[in-house]
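Notes follow the structure.
The values are calculated or read from the model by the stated rules, or taken from the named source; none is laboratory data. As the structure is a computational prediction, the values presented were derived from the model and not from experiment. Backbone-built Cβ (ideal geometry, glycine too); neighbour counts: all protein chains shown. SASA here: full protein model, heavy atoms, side chains in, ligands and nucleic acids out. Shrake-Rupley method; radii C 1.70, N 1.55, O 1.52, S 1.80 Å.
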Amino acid sequence: MNFNQSLLLAVVEGITEYLPISSTGHIILASWGMGISQEQFVKDYTVMVQFGAIVSVLVLYWRRFLLNVRVYPQVFIAFLPAAVIGLAVKKHIDILLGSVWLVGWALLVGGVLLVLTDRWIRLLKVRVHKIEDLPKSSALKIGLFQTLAFFPGVSRAAASIWGGLYQGMSLSLATEFSFFLAVPTLTGASFLKLLKVWPQLEAEQIQMILWGNLVSFVVGAFAIKYFVALVARYGLKYFGYYRMALGVVVLVLLSLGHDIHAN
């Protein structure tokens, strides 16, 4: 992976991290499209470059999140399943990051679920009107939903939004909680990965990480604002249609024997 390719992957990360379309899945597909070999640094980079997108949430929601400590217990409890289960299966996660078949199926199935969710939302009763009013047990269940995103192509944003909706949140509140939940989840993953690989990093790789995070921060900030406005106006169904179309394309190419396995 060269420097320009690393920046393009950072753009993909920034655009897709907070959309319910799977940032990991898109980075895997973008890596294949650019002919990037899935060496260990590439996999590590895709985790560490998430930090820039996290900072965009802190900048855009600094008053709602940083100054509102009452939401911290719910965010922390929802974060626990990802922390515990993630540490237990991290070796298997690295293996899954090279599976394009899994990405294709996850995009397709997740797309169908998003379309169905968009139709079911009006049938769901809103019971939680503020994050700080979310019961602790519900926060834990949302955290369990988020762990579905360990499978590349599922989407952390989509999984946590699904969890929020089925625990009585409105779509807008579930989306906001998904943003907040990303802060400890992605920060933890990014820094654990950085601590692990830091002794082996070369100067050029450090430069890629720094610039990549800057790019993901800028692009992520625009993506968050765009996503919130789009969801408020159109709901989730168009993201679902996009996922279904992309998933079908990937699976058809694989079925026809095209060599699009990340290797």
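One line per residue, one yes/no per condition, for (1) open to solvent by less than 80 Å² (accessible area, probe 1.4 Å); (2) under 20 Å from the mean Cα position of the chain (by Cα):
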site	(1), (2)
L165	yes, yes
G168	yes, no
L171	yes, yes
A182	yes, yes
T187	yes, yes
L192	no, yes
P199	no, no
G220	yes, yes
A229	yes, yes
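So that you can scan it fast, the table gives a plain yes or no per residue for (1) more than 19 Å from the chain's Cα centre (by Cα); (2) under 21 Å from K193 (Cα atoms); (3) of a type in the set (S, T, N, Q):
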position	(1), (2), (3)
S6	no, yes, yes
E17	no, yes, no
S23	no, yes, yes
G33	yes, no, no
M48	no, yes, no
I54	no, yes, no
R64	yes, no, no
F76	no, yes, no
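Exactly one residue out of L173, L236, L165 is in contact with a Pro (Cβ under 9 Å, 6 or more places away or on another chain), over 25 Å from M1 (Cβ atoms) and not small (G, A, S): that is L236. Output the residue which, of all residues in segment 113-158 that are in a loop (DSSP other than H, G, I, E, B) and β-branched (V, I, T), is farthest from L186 (Cα to Cα). Within segment 113-158, the match that is farthest from L186 (Cα to Cα) is V126.
Kindly evaluate V89 against the criterion of being open to solvent by less than 10 Å² (accessible area, probe 1.4 Å) and modelled with pLDDT under 85. No: the conditions fail for V89.
Looking only at segment 251-263, which residues are modelled with pLDDT under 90 and not in a loop (DSSP other than H, G, I, E, B)? Spell out how you get there, then give the answer.
We begin by selecting, within segment 251-263, every residue modelled with pLDDT under 90; these are 253-263.
Correct list: L253, L254, S255.
Number of residues in segment 120-163 that are more than 15 Å from the chain's Cα centre (by Cα) and not aliphatic (A, V, I, L, M) equals 13. Residue under question is L8, and the condition is that it be in contact (Cβ under 8 Å) with a residue 40 or more places away in the chain and either acidic (D, E) or touching a helix residue (DSSP H, G or I) at 6+ places or on another chain (Cβ under 9 Å) (or both); does it hold? Taking the combined requirement at face value, the residue does not satisfy it.
Within segment 165-196, how many residues turn out to be of a type in the set (K, R) and under 13 Å from E17 (Cβ atoms)?
Initial filter on segment 165-196 (of a type in the set (K, R)): 193, 196.
Then keep just the ones that are under 13 Å from E17 (Cβ atoms); that gives none.
Adding up the residues that qualify gives 0.
A residue that is touching a Leu at 6+ places or on another chain (Cβ under 8 Å), surrounded by fewer than 18 Cβ atoms within 10 Å (Cβ to Cβ) and farther than 18 Å from R156 by Cβ can be found somewhere in segment 24-39.
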